[in-house]
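Heads up, the thing below is written out as structure tokens.
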Amino acid sequence: MPMIITDPRQDDNPIIFANGAFCRLTGYVLEEILGHNCRFLQGPETDPRDVARIRAAVTEQRGIELPILNYRKDGTTFWNQLLLAPVEDARGEVAYFFASQYDVTADTRQLTALRGENDLLTAEQAASADRLQFSETVLRLATEAAEIGTWDLDVTTGTLIWSPRTKPMFGLSPDAAYNLATFVETLHPEDREATMAALAAMIDPVLRAPLDVEYRIVGHEDEVVRWLASKGRGLFDEAGRCVRAIGVVREVTKRAETDLARREEEKRRTTLLELNDRLRDIQDPDELAYTACEVLGTVLGVSRVGYGVIDKVAETITIQRDWNAPGIESLAGVLHFRDYGSYVEDLKRGETAIVSDATLDPRTRDNAIALEGISALSFVNMPLVEHGSSVALLYVNHAVARSWGETEVALMREVAERVRLATERLRSERALRASEEQFRVLTQAIPNQVWAARPDGYLYWFNEQAYAYAGTQPGSMDGTTEWGRIVHPDDLPSAGGAWARSLATGAVYETEFRIRRSDGVFRWFLVRAEPVRSPDGAILQWVGTNTDIDERRSQAAELAELNASLERRVEERTRERDRTWSVSQDLMVVIDATGAFQALSLAATRILGWQPDEMIGRTVFEFIHPDDVALTVAALNEAIGAELARVENRYRHRDGSYRWLSWTAAPEGDLIYATGRNVTAEKEQAEALLRAEEQLRQSQKMEAVGQLTGGLAHDFNNLLAGISGSLELMQTRMSQGRLKDIDRYMSAAQGASKRAAALTHRLLAFSRRQTLDPKPTDVNALVNGIEDLIRRTVGPAVEVEVVGASGLWPALVDPPQLENALLNLCINARDAMPDGGRITIETGNKWLDRWASQKHDIPEGQYLSLCVTDTGTGMSPDIIAKAFDPFFTTKPIGQGTGLGLSMIYGFAKQSGGQVRIYSEVGDGTTVCLYLPRHYGRATETDPLAGLSEAPRAEQGETVLVVDDEPTVRMLVTEVLEDLGYTAIEAADSASGLKVLQSDVRIDLLVTDVGLPGGMNGRQMADAARVNRPDLKVLFITGYAENAVVGNGHLEPGMAVLTKPFVVETLGVRIREMIAQG
């Protein structure tokens, strides 16, 4: 909007500000405007009375608004709607005038033209009457010459006759059939009621009104809309009844549309003039919008007009207020577009949505009832767009269906645009007033002194703080030199010179000088001013501030002295650092985040052979051993984020060798400071110590192997001697016929073989490679079952107490091996109490959490414990540390093998558990086995029955025996035959698999694990189960093949029996497995 500001305090009230819109309106450039009175806009045709009214308003310092004829620079004229308003300063005096201009030339010319057109219409109406009288005189000739159609209606029968010229007017072809209903159907819906009313008045016996009507029709066949003018009269009989009506009809589409356009244009002009008159004095934007809605709604004769704000995402419109015709309810609130149809898609695209009949339009027909409920069966929704985006929506609603003409939609758009411009002007004026008030309040509220000056340097305004500080009255410092009276004389020349340069160049004014306070004391101020420029860069005024910096300058002086002192201390510290940097035996470096050296101490040469300047700029990775790169990268990342980081790595010496450095690093800003100590000698010593320890361990290992070999040789030679001697004596006695000592020799041989088997099991348990047969076991029942044996073994001098926990969980273990381990622990406890004592056997449920599991070196979870406690001599920590070592014993030579605890340790680990010793010298010892809980029920076991008591085989049951040892095959076959089974023998895996892949009945496979023939026993069994998935398998093994049979965890239908075994045990196990099927 064109705007200017004038200064009434200057001579002739010159213009001091003009915006670009004013320049474009008048055609003048800014230099031709500023400093001049606005009378250059006046010309010969400017009304002197308007000029006088403006001068009077300026003189009386009041506002005025009027239209005035002004001249542009090129001499063309325009009507200017001038709004002139005074602006007061803090003292209430008029400081300048604000004037806005609005080009209303088009509106003024339209009004003038409208007045002329009204005169023409009056004259035309009189002429039309004369023409009508003339046309009636020459009706027949006019009908033929002007192609006027005729019509004849038999009122009695309803028969309608049209002339050939008439039918095309109604969109009918020459041969088309028609009747009175055809006429009624072709009438335009908006004109049908009025036309039929005119026809009724024509045939009414009382009214007998001549027919003279214009109406629109929609062609019956071509659907073309035409305007027709029809005249006619009714013919009445003697009884006064209308029996016939005749008349003429002619097409007046062009003239009717011209008349309609003229009326619409007249209505548009009248509406816009009324709108301007109504909006001129309104200062509230919301009231302005409502008034425009009222004017538009009244002119269009609609039900409702309003404005709303669209939310495209939520698809809603928010309405504050709208104009409504009488009986129509307001839509104020939030409405969802989707409740009324799909036309919101048009609005999202910024397109106007026009609906004439909601019941017919495909966008709204499904929601027509809802639209009828808000009196909007027809409507226009017009988005208002600024800078490419919708800012509001103008909506026009009507309660019933109606069409919307192009001129009506154009009028809506023009009204909306004028309202937008007027609203923008009001908001700009309101923003200007608010900005000025904000500036005034702000300048009075801040503690700084604020002042303003004209472009020539004339200071015309100061805030209250400036006057309060100087102790002067408002206005006393106005002018170009008055301010100098309160400036310190020594500072005035430089301050004045700087101000003059800023005025001349437009540069920012900034300087420091002393200003006298009301009590005569001078204080230092930072004085700064910036020019306020117009859009074209011209300086309109200067705005400046005075900031008290007296204390800051005093502090600055103190700080300068402090800095000088600090510089001396920094210099001393720097010399100390340089001395440390140069004499330190450790390597000190500074590196950046990428690992590049920024600085190195002189120790780099002594430690690595490199000069510092040879390494600066290169990264640490050029010197680090390749194996230490990843470690160094991690340390760098840690050093960046941690207060202190440590790492050891190898750096390449200049001679190609490597040195071990131990680094400590810390970050500081973007750099890392680190100190590296040469630990190469310590590393070499540590490596030498490790090699010596490894040699010692190897020596101990060889010593242990020697002990194992010697012990095994000694024990097995004794056992073999007993077995061999017994067999030789048996052979001798049998050859002599002396059979009574055979049982004694046989018992001796069996005892020696059992002791050999026990020794073998101990060795396998120690190596954790014995073949276990784990079963769900009730450990309390197992302890109770072996309690009598333990009491007899430990003797009467030792009291045995059993404490079994109630609700003890089952364990998945090999019961005989657990019995063996428990018996060994009790024997060790007895040996630790030579003078007698008490042994306590205790069971319990244990739940080991993370801390406890780490302490016991087993996974977290549920375990049951079996503990043996004695009251013996106890064990020292060094004895406990070696207790599980093989062949370690504290017993005299010949009284212990040193394998007992090793066997228990191996059994516990192989069973998924752990064993721990708790002891102190003189306080006895507790050894605890921790076994994993089994989630299930324990298996109940019965004492083994003898072979003679074993169940006999059923008819046809067959067992395949596969073993490469003929003696074993013979033994197993004998047992099977004694039990009534059919036995088939195979010496290797190939022949055994051949039998298994045949059709021979096999109820059980008994096989050794280690077999010749290309497969071991487990592989042969797995191959056989491909065709015999239910095949039962009993593995018999005499050595460490536990991994082969499944690490103690066999598949269903499989079991294992360890050699040597009791014949009765073999028989019972075979029968049990067959009976399971």
Open item on the list: Where the second residue is of a type outside the set (Ser, Thr, Tyr) and not in a helix (DSSP H, G or I) and the first is more than 16 Å from residue 225 (Cα to Cα) and lies in region 256-267, which pairs have Cβ atoms under 8 Å and are six or more apart or on separate chains?
Closed with: 264/405
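In region 339-367, which residues are acidic (Asp, Glu), within 38 Å of the chain's Cα centre (by Cα) and assigned to a loop (DSSP other than H, G, I, E, B)?
Residues of region 339-367 that are acidic (Asp, Glu), as a first pass: 339, 345-346, 351, 357, 361, 366.
In the following step, the residues that additionally are within 38 Å of the chain's Cα centre (by Cα) were identified as 339, 345-346, 351.
Residue satisfying the conditions is 351 alone.
Can you go through 712, 727 and tell me which one is aliphatic (A, V, I, L, M) and modelled with pLDDT of 75 or more?
Only one candidate passes the filter, namely 727.
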- [ ] Output yes when any residue across region 311-325 is over 25 Å from residue 65 (Cβ atoms), among the acidic types (Asp, Glu) and surrounded by 15 or more Cβ atoms within 10 Å (Cβ to Cβ), and no when none is.
- [x] yes
TODO: Tell me, please, whether a residue that is over 60 Å from the mean Cα position of the chain (by Cα) and either part of a strand (DSSP E or B) or β-branched (Val, Ile, Thr) (or both) can be found in region 188-197.
DONE: yes
Task: Test result for residue 501, assigned by TED's automatic domain parsing to the domain that holds residue 523 and surrounded by fewer than 19 Cβ atoms within 10 Å (Cβ to Cβ) - done: yes
TODO: Please name all residue pairs, on different chains or six or more residues apart, with Cβ atoms under 6 Å, provided the first residue is in region 166-195 and is surrounded by 13 or more Cβ atoms within 10 Å (Cβ to Cβ) and the second residue is assigned to a helix (DSSP H, G or I) and among the hydroxyl-bearing types (Ser, Thr, Tyr).
DONE: 170/186; 187/195
TODO: Considering every residue within region 522-540, establish whether at least one is β-branched (Val, Ile, Thr), in a helix (DSSP H, G or I) and not assigned by TED's automatic domain parsing to the domain that holds residue 19.
DONE: no
Open item on the list: Return the pair list, or none, for Cβ contacts closer than 7 Å from residues in region 487-501 that are on the phi < 0 side of the Ramachandran plot to residues that are part of a helix (DSSP H, G or I), at least 6 apart or on different chains.
Closed with: 487/495; 492/484; 496/484
- [ ] Starting from region 418-436, keep only residues that are over 20 Å from residue 106 (Cβ atoms), then list their pairs with residues that are at pLDDT 80 or above and among the aromatic types (Phe, Trp, Tyr) whose Cβ atoms are within a distance under 9 Å, requiring at least 6 positions of separation or different chains.
- [x] 429/98; 432/98
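Condition check ((1) out of contact with any His (no Cβ under 7 Å at 6 or more places or on another chain); (2) part of a loop (DSSP other than H, G, I, E, B); (3) modelled with pLDDT under 90; (4) more than 17 Å from residue 660 (Cβ to Cβ)) across all residues:
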{"residue": "569", "(1), (2), (3), (4)": "yes, no, yes, yes"}
{"residue": "573", "(1), (2), (3), (4)": "yes, no, yes, yes"}
{"residue": "580", "(1), (2), (3), (4)": "yes, no, yes, yes"}
{"residue": "591", "(1), (2), (3), (4)": "yes, no, no, yes"}
{"residue": "607", "(1), (2), (3), (4)": "yes, no, no, no"}
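Residue-by-condition table, conditions (1) crowded, with 16+ Cβ neighbours inside 10 Å; (2) assigned by TED's automatic domain parsing to the domain that holds residue 302; (3) in contact with a strand residue (DSSP E or B) (Cβ under 9 Å, 6 or more places away or on another chain); (4) more than 19 Å from residue 323 (Cα to Cα):
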residue: 348; (1), (2), (3), (4): no, yes, yes, yes
residue: 354; (1), (2), (3), (4): yes, yes, yes, yes
residue: 383; (1), (2), (3), (4): yes, yes, yes, no
residue: 405; (1), (2), (3), (4): no, yes, no, yes
residue: 425; (1), (2), (3), (4): yes, yes, yes, yes
Task: Criterion violated by residue 229 - all others in (1) touching a residue at least 40 places away in the same chain (Cβ under 8 Å); (2) touching an Asp or Glu at 6+ places or on another chain (Cβ under 7 Å) satisfied - done: (1)
TODO: Have a look at 451, 499 and point out the one that is within 19 Å of residue 540 (Cβ to Cβ), touching a helix residue (DSSP H, G or I) at 6+ places or on another chain (Cβ under 7 Å) and of a type in the set (A, V, I, L, M, F, W, C).
DONE: 451
Open item on the list: For region 221-239, which positions are under 21 Å from residue 154 (Cβ atoms) and in a loop (DSSP other than H, G, I, E, B)?
Closed with: 237, 238, 239
Open item on the list: Can you tell me which residue is nearest to residue 433 (Cα to Cα) among those in region 277-298 that are surrounded by fewer than 17 Cβ atoms within 10 Å (Cβ to Cβ) and among the polar types (S, T, N, Q)?
Closed with: 283
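In region 776-879, which helices (runs of 4 or more DSSP H) lie fully inside it and hold 1 or more residues that are of a type in the set (Ser, Thr, Tyr)? If you could, list the steps in order and put the result at the bottom.
Details: elements: 779-794, 815-831, 850-856.
Passing ranges, in order: 779-794, 850-856.
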- [ ] Evaluate region 453-461: report whether one residue or more is in contact (Cβ under 8 Å) with a residue 24 or more places away in the chain, assigned to a helix (DSSP H, G or I) and over 57 Å from the mean Cα position of the chain (by Cα).
- [x] no
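Could you go through region 57-64 and let me know if any residue there is assigned to a helix (DSSP H, G or I), touching a residue at least 60 places away in the same chain (Cβ under 8 Å) and surrounded by fewer than 16 Cβ atoms within 10 Å (Cβ to Cβ). Even if it seems obvious, please write down each step before you answer.
Here is the first cut: in region 57-64, the ones assigned to a helix (DSSP H, G or I) are 57-59.
Filter again for touching a residue at least 60 places away in the same chain (Cβ under 8 Å), leaving none.
So far as region 57-64 goes, no, none of its residues is assigned to a helix (DSSP H, G or I), touching a residue at least 60 places away in the same chain (Cβ under 8 Å) and surrounded by fewer than 16 Cβ atoms within 10 Å (Cβ to Cβ).
The values are calculated or read from the model by the stated rules, or taken from the named source; none is laboratory data. Computed from a prediction, not measured in an experiment: that's the story for all the values here. Here the Cβ is made from the backbone with ideal geometry for all residues, glycine too, and neighbour counts use every protein chain on show.
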